[in-house]
Amino acid sequence: MQFLTRLWKRHVRGEPDGYRAYVSLPTEDRSFGEIHDCIERLEYAFEGRLDVYARTRGVAAVSDPVSAAQFDGDAFESALERLESCYDETHSVARLEKWRRFDGRLVKSYVVVPVKPLFPRNRTDDAPRVRATAE
């Protein structure tokens, strides 16, 4: 019966019992104020239930599971837009959403990580290119 309830919540109703997030914030080339602003917006979306951890090259913000009634989806989307604009010049923001069981409840988890692109977006490399000659 729990299986059917979980499927109903996920596919028919489309609303989980709660929300949770993990957001990575690289600190290289960023001011403390920019990172603090991103963390503050995330805290507002999760009603202050956010833990911040120091990492090797950044900061990680991890929320506790928050009930659907306490979660502010618009504030969370606004926080993610601010995060994208903060890292727009140097990173692409990868975002993963996943439904999970947590303490008998269905929780929608978000993982958001700014990732440096493999190749720079705007190449200023004006070096001449060597072309193979057709024989």
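Taking Lys and Arg as +1 and Asp and Glu as -1, the other residues whose beta-carbon sits under 12 Å from that of Glu43 total -4. Packing-based ranking of 74-81, 31-38 yields 74-81, 31-38, ordered from highest to lowest mean Cβ neighbour count within 10 Å.
Values in this text are rule-based calculations from the coordinates and carry no lab data. Everything numeric in this text was worked out from a predicted model, so none of it was measured. All Cβ positions, glycine included, derive from the backbone under ideal geometry; neighbour counts span all protein chains shown.
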